[in-house]
1. Quick check, is A32 small (G, A, S), in a helix (DSSP H, G or I) and in contact with a helix residue (DSSP H, G or I) (Cβ under 9 Å, 6 or more places away or on another chain)?
2. Just the residues that are open to solvent by 100 Å² or more (accessible area, probe 1.4 Å) and either part of a helix (DSSP H, G or I) or of a type in the set (S, T, N, Q) (or both), please, taken from region 1-25.
3. Out of the residues in region 26-53 meeting the condition of being of a type outside the set (A, V, I, L, M, F, W, C) and open to solvent by 100 Å² or more (accessible area, probe 1.4 Å), tell me which one is modelled with the lowest pLDDT.
4. Only residues in region 52-80 that are part of a helix (DSSP H, G or I) count as the first member; pair them with residues that are among the hydrophobic types (A, V, I, L, M, F, W, C) and open to solvent by 100 Å² or more (accessible area, probe 1.4 Å), Cβ under 9 angstrom, at least 6 apart or cross-chain, and list the lot.
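The values are calculated or read from the model by the stated rules, or taken from the named source; none is laboratory data. As the structure is a prediction and not an experimental result, all values here were calculated from the model. Neighbour counts are summed over all protein chains in view; Cβ atoms, including those assigned to glycine, are modelled from backbone coordinates with ideal geometry. SASA here: full protein model, heavy atoms, side chains in, ligands and nucleic acids out. Shrake-Rupley method; radii C 1.70, N 1.55, O 1.52, S 1.80 Å.
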Amino acid sequence: MDKFYSVNENWIAEDRRKLLAFARDLLNSDYAGHRLTFQLFAQSPPFAHLARRVSEFRLGRPLEFVRKAADLSDRVMKTAGAAI
C-alpha cells in the first residue's frame with residue numbers, strides 16, 4: 001500500500017487511504033443515493049432533456065452568425081441548407 005498510495009513525503013499512504021474511504025462513505029451513503037436519484041429523475045431523466053433540446057434546436061441563426069463572422073459567401077448557406 002505504501003508503494004501505490006504514497007504521493008509525497010506529506011501524503012503518506014494511510015492518510016490517502018483514509019481520505020479515499022471517507023469519500024467512498026460520503027458517496028455511498030443512503031442520503032447521497034437519494035440526492036443523486038432526485039437530481040437525475042425529479043423532473044425527467046437527463047437523456048430526455050437532451051433529446052428534447054436536440055429535436056427543438058434550429059440551426060438557421062447560428063449558421064448565419066458563423067457565415068457573417070467568417071465572411072463566407074452565400075453559396076455556403078445553400079450547401080449547408082441541403083445538408084440540414
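1. In short, yes.
2. D2, K3, F4, N10, K18, F22, R24
3. Selected residue: Q43.
4. Between residues of region 52-80 that are part of a helix (DSSP H, G or I) and residues that are among the hydrophobic types (A, V, I, L, M, F, W, C) and open to solvent by 100 Å² or more (accessible area, probe 1.4 Å), the close pairs are G60/I84; L63/I84.
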